[in-house]
Amino acid sequence: MNAPDYTPITRLKDMQIPEWWGDWITQRSTETNAFFKSGVITQIPNFANQLSQSGNLVNIPLLKPLDKVTPQVPNEDDTIKLNKFSTGIMQARKLGFDQAWSETDLSSELSGKDPLRDSGNLIGDYWDSFYETLMLEMLDGVFAADSMKGTNQLDATDGRNKLDGTFSLINFNEARFKLGDFYKQLALVVVHSNVLKQLQNANVVDQKSGQSNVYVLNGNQNVPTAITAPDAGDSIKGVQIVVDDSLPNKDGKYTSYLFARGAFGWSDLPTDHAVEVGRESLVSHGLDYLVNRRRMVLAPQGISWNESAFLANHQDGKYQFPTLDDIKNGANYLRIADPKRIPFVKFTTSDEAIKQGNSTSVSMNTDTAGKQAGPEAK
């Protein structure tokens, strides 16, 4: 017979929530997220200072490329003519999400030696998973916008290439060259683990150099100090592969995304009562609960939020913040930058195995495609 467990359980109503706890949960929810860790999403702290008077829109100045005019030749009789800088405003929407948990939901964490940290880990992991959902819903919305139709996306399964709808080198190269001579900005490709497995099985990933990742540095008094750099993982044509199984996998098709680093900007915004503990005495003979409120901005480069479309769809004024349905609604986004300056590409492939026999010929074709694209291509 097992001895009874007399481990004391911390009650939510007795927990003293320190000021740093909410920020610590926020940090945990981003530091383990694939999109944040890889650099696809970059923290932009000053978003909070750029909120509009309504408090719901962030106005982001956009400096447009200079006109390609011929430089002026100096002439003693002429004055230098002034050209104008073209500017615009890109808008991003303030987002808000709340969640609450009862003491029962956190019972195992509250019974540990460090209930504050254990329950914080659990809540941080919840938001980590939600942020992946938020990112993917926003990508769906952006690519569903009228201004993004046929822009920066390749569906290898649409029948144009009847012989190959897989994540082959040829199709991958077609996807990254959607940005033309800006293709080198696409430093990351986020894929489902099944896609990476296909790439490895077909030996399509870049070959490792075989060199050790142990480096020797000179320490104090010229004493050698060895450090080990982390393995960067797999890459394809020099593009780093990031694995995330939250990516869509449906009806025999996989959706992958190519990104430049910093393709999306992010900022956590100050929130009143971000973490709150309370008790409802009349519910279930007494119910303790914890509430966590989040306010943030997630802004894709070159894409502006269409607030007028959002308000037109919510004339009842019920929602102060967009729902996930609003976030994946293409009507709420406008492309305001040249497609080359939209630093991400949607890439859809079939779940068929990549034909290993095509690896050599595929590599030759991608080299040819690079040469046609311009002198920088490799």
Report task. Among the lysines, select those whose C-alpha is under 27 Å from the C-alpha of K84, and discard any that sit fewer than 8 residues away in the same chain. Result -> K64, K68, K340
Report summary line: Quick calc, region 253-317, dipole around Cα centre from Cβ unit charges on Lys, Arg (+) and Asp, Glu (-), nearest 20 debye, gives 380 debye
Query - Cross-link reach list, lysines versus K346, counting only Cα pairs under 21 Å and skipping chain neighbours closer than eight places - result: K37, K149, K162, K178, K184, K197, K237, K250, K253, K328
Query raised in the report: When the chain is fully extended, how far beyond the present Cα-Cα distance does I89 get from K355, taking 0.36 nm per residue of separation?
Result: 91.1 nm
Query raised in the report: What chymotrypsin sites (Phe, Trp or Tyr not before Pro) in region 32-90 are in a loop by DSSP, with at most 14 other Cβ atoms within 10 Å of the Cβ?
Result: F85
Query raised in the report: By the scheme Lys and Arg +1, Asp and Glu -1, what is the net charge of all other residues having a beta-carbon under 15 Å from that of Y333?
Result: -1
Query raised in the report: What is the sum of charges around N49, taking Lys and Arg as +1, Asp and Glu as -1, for the other residues whose C-beta is under 15 Å from the C-beta of N49?
Result: +1
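Just so you know, all these numbers are worked out from the coordinates, no wet-lab data involved. Keep in mind it's a predicted model, so treat the numbers as computed, not measured. Cβ sites come from the backbone with ideal geometry, for glycine too, and all protein chains shown count toward neighbours.
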